[in-house]
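Structure record follows, encoded as structure tokens.
The values are calculated or read from the model by the stated rules, or taken from the named source; none is laboratory data. This one's a predicted model, so the numbers in the text were calculated from it and none came from an experiment. FYI the Cβ positions are ideal-geometry reconstructions off the backbone, even for glycines, and counts take in every protein chain you see.
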Amino acid sequence: MSLLEQINTSGDIKKLSRNELPLLAAEIRKRIIDVVSKNGGHLASSLGAVELTLAIHYVFDLPKDTLIWDVGHQAYAHKLLTGRNQHFDTLRQYKGISGFPKMKESPYDGFTVGHSSTSISAGLGVCHAKHLSQDDSDVISVIGDGSMTAGLAYEGLNQAGDLKRKLIVILNDNEMSISANVGALSSYLSRTLSAKYLQNMRNQFGIFLKSLPKIGDDMYQIAKRWEESFKTFITPGMLFEAFNFDYFGPIDGHNLDHLINILTNIKNPDSPILLHVTTIKGKGYGPAEKNPVYFHGVGSFGIDTGKSNQHFDPVPSYTQVFGSHMVKFAKTNEKIVAVTAAMPEGTGLVEFSNKYQDRFIDVGIAEQHAVTFSAGLASKGVKPVVAIYSTFLQRAYDQILHDVCIDAHPVVFAIDRGGVVGEDGPTHHGLFDFSYLRSMPNMTIMSPMDENELARMLLTAINHDGPIALRYPRGKGHGVEIQKNVKPVKIGRAQLVLGGDDHGNGQLDEIMIIAIGQSVFEAVAAAKELAEKGIFAMVINARFVKPLDSDFFLEKADKIKKVITVEEHVLAGGFGSAVLEMFADKGLTDLEFRRIGIDNKFVEHGPQDRLKKDYGVDAAAIVAAGLDLAKFDLSD
């Protein structure tokens, strides 16, 4: 039996000798690589955190002590060590274990995460709650260096330093370059100075200096400044010292002995501590070490080669269409600037960043800053296109409302991953953007039914003089031909896609299906199935959530009294709500109405098509609604 097969709890890890831990680390890496090569997932960051994870479980008393991972990209080893090894083959699979820490999944998951930079704030909240209940167990927040680009992390540091709670923050640094000599000396000093007796001696010496008559405070301040100067020379930690954290590091995050020693020293602290460890993304798997960006979030691949198992598909994804047309439009429009939040690859902007370096801005994981920064650009005549995933744009609600919409700055929001996303689960589905954006004055919202319409809408957005959101899904398009000379669509104009004519024998459309985005294709499929049953429906591509093509809808509703709206979005406040409100405001109270969308619940992880079926936003759900509506006619 392997070492990993013997581990179900942190207590099991403590039974191993230190000499066995490197063997366990190797087994963990192999298990992660084997599963992710089949299922896809966040590989590079999880491989880089294996030794750190082992050391934390070896030293601390989990789950009594609370461990919180930031984002959760690093947590695969943690899952393997906490009773989920037997089910690890189901990682990110339908009804399987989540790709992120999830409180409902395990008591070892101290906080449900999926978005960046939350661990320090959440950890401080847990720490303060324990203080109130006189619980002296530890709280450990592990945060990657990329997550330190977000303001929320510093808000948490600031409050933690002020409250002086015994929070332990571990900064997993896999990007900074520290020279070997300085790093080695700093590591040695941190492991030495973190010893309990030296920390106590330091505190007692400070009390002694302050007690000296007349000169005590001055002597204390001189000693403190000397200590800070020494640390500044030896370590990069003065930023954290300024937040009233005791800083230790950097420590080699792959040296288990060093990690265990220093974690043992800083365990159960009297005040907040930040431990800085350095790791290598993709550690132990050559292709991931060489290309950690690709292996950050990867699909299935061949272990021997590291190459993707996915076959070439001539049909481009929506993201690819967006990226290629950004390059195309920027060639003739020098005002276009692309802005993204640490996602140039994910948003399709790599080619743009290479061709137009001065017009490409990656702000890091700082969506709030990205939006207000773009408002500043727009205020001086620049045309910023802010490319951010739907789920992450939620973090910048206030900035969109106040900094963009109040003065109607012409900022384009390219909202990728709108709708059901798939295997990353509830923290990543983009199901709320219509609701919060359509309530904002001056905002225009549109969503294309296919890749050609995406290109047209992007040009529409760039030409628009005001805030405008273009929302499109994850995944490939439908293989439609894209216009060579792209023409914009008219703001607020819908399109009749199917029906509208006499079907013979005096049969006319009796149902109007109004769909938005790629749901139009589901609506067309449903209409064809309904026609086979003798129920005829027209399908309208709404194109716009705001403004709606009210004249067109009212014209059709004058004859057709049964309406179905379709959206890959929550029902509460979404597209269907907007259409229903429009008809109600116009006094049309005699319509039979059905809304297809996501109920008031979070969508779990799984394949997109399966989730659409389970949550009732596919063609089958539209057919069911159509049959239900048609019964009213049959009963007359």
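Quick notes on this structure:
- Members of segment 372-402 that are more than 23 Å from the chain's Cα centre (by Cα), aliphatic (A, V, I, L, M) and assigned to a helix (DSSP H, G or I): Leu377, Ala378
- Among the residues listed as Lys267, Lys307, Lys335, the single one being basic (Lys, Arg), closer than 30 Å to Ala461 by Cβ and surrounded by fewer than 20 Cβ atoms within 10 Å (Cβ to Cβ): Lys335
- Any chance Gly323 is surrounded by 14 or more Cβ atoms within 10 Å (Cβ to Cβ), in contact (Cβ under 8 Å) with a residue 24 or more places away in the chain and either more than 22 Å from Arg471 (Cα to Cα) or more than 19 Å from the chain's Cα centre (by Cα) (or both): yes
- Residue in segment 123-133 that is buried (at least 23 other Cβ atoms within 10 Å of the Cβ) and closer than 30 Å to Gln608 by Cβ present: no
- Residue satisfying all of: in segment 462-497; more than 24 Å from Lys331 (Cβ to Cβ) and over 31 Å from the mean Cα position of the chain (by Cα); surrounded by the most Cβ atoms within 10 Å (Cβ to Cβ) among these: Ala494
- Yes/no for Ala408 being on the phi > 0 side of the Ramachandran plot, of a type in the set (Gly, Ala, Ser) and either surrounded by fewer than 18 Cβ atoms within 10 Å (Cβ to Cβ) or not assigned by TED's automatic domain parsing to the domain that holds Asp145 (or both): yes
- Taken together, the criteria exclude Val298 from residues that are surrounded by 13 or more Cβ atoms within 10 Å (Cβ to Cβ), of a type in the set (A, V, I, L, M, F, W, C) and in contact with a helix residue (DSSP H, G or I) (Cβ under 6 Å, 6 or more places away or on another chain).
- Residue in segment 555-565 that is closer than 19 Å to Leu498 by Cβ, in contact with a helix residue (DSSP H, G or I) (Cβ under 8 Å, 6 or more places away or on another chain) and modelled with pLDDT under 95 present: yes
- Filter result (exposed (fewer than 13 other Cβ atoms within 10 Å of the Cβ) and within 19 Å of Asp61 (Cβ to Cβ)) within segment 18-30: Arg18
- Taken together, the residues in segment 82-96 that are farther than 17 Å from His42 by Cβ and not hydroxyl-bearing (Ser, Thr, Tyr) amount to 5.
- Being at pLDDT 95 or above, not small (Gly, Ala, Ser) and not in a loop (DSSP other than H, G, I, E, B) is a property that holds for Leu52.
- Some residue of segment 66-74 being charged (D, E, K, R), at pLDDT 95 or above and farther than 25 Å from Gly151 by Cβ: no
- Residue in segment 126-141 that is among the basic types (Lys, Arg) and either modelled with pLDDT of 90 or more or more than 21 Å from Ile262 (Cα to Cα) (or both) present: yes
- Within segment 344-355, considering residues that are under 21 Å from the mean Cα position of the chain (by Cα) and surrounded by fewer than 18 Cβ atoms within 10 Å (Cβ to Cβ), the one nearest to Ile33 (Cα to Cα): Glu345
- For segment 149-169, the criterion of being within 19 Å of the chain's Cα centre (by Cα), buried (at least 23 other Cβ atoms within 10 Å of the Cβ), part of a strand (DSSP E or B) and in the same structural domain as Thr279 (by TED's automatic domain parsing) is met by none of the residues.
- Any chance Asp585 is exposed (fewer than 15 other Cβ atoms within 10 Å of the Cβ) and modelled with pLDDT under 95: no
- Taking first residues from segment 338-352 that are more than 17 Å from Val411 (Cα to Cα) and among the aliphatic types (A, V, I, L, M) and partners that are buried (at least 24 other Cβ atoms within 10 Å of the Cβ) and modelled with pLDDT under 95, the Cβ contacts under 6 Å between residues at least 6 apart in sequence or on separate chains come to Ala342/Ile365.
- Scanning segment 103-125 for residues that are assigned to a loop (DSSP other than H, G, I, E, B), in contact with a helix residue (DSSP H, G or I) (Cβ under 6 Å, 6 or more places away or on another chain) and either at pLDDT 95 or above or farther than 20 Å from Asp424 by Cβ (or both) returns a single hit, Phe111.
- Residues of segment 553-609 that are over 35 Å from the mean Cα position of the chain (by Cα) and on the phi > 0 side of the Ramachandran plot: Gly587 alone.
- Residue within segment 471-485 that is touching a Cys at 6+ places or on another chain (Cβ under 8 Å) and modelled with pLDDT of 95 or more present: no
- Restricting segment 571-581 to residues that are farther than 18 Å from Ala523 by Cβ and touching a Ser or Thr at 6+ places or on another chain (Cβ under 7 Å), the residue that is surrounded by the fewest Cβ atoms within 10 Å (Cβ to Cβ): Ala572
- Residue within segment 44-58 that is buried (at least 22 other Cβ atoms within 10 Å of the Cβ), touching a Phe, Trp or Tyr at 6+ places or on another chain (Cβ under 7 Å) and touching a residue at least 40 places away in the same chain (Cβ under 8 Å) present: yes
- Scanning segment 521-536 for residues that are of a type in the set (A, V, I, L, M) and out of contact with any helix residue (DSSP H, G or I) (no Cβ under 9 Å at 6 or more places or on another chain) yields a total of 1.
- The residues in segment 403-460 that are of a type in the set (D, E, K, R), more than 16 Å from Tyr389 (Cα to Cα) and not in a helix (DSSP H, G or I) can be counted, and the count is 2.
- Residues considered: Ala531, Ala537. Of these, the only one that is crowded, with 24+ Cβ neighbours inside 10 Å and out of contact with any His (no Cβ under 7 Å at 6 or more places or on another chain) is Ala537.
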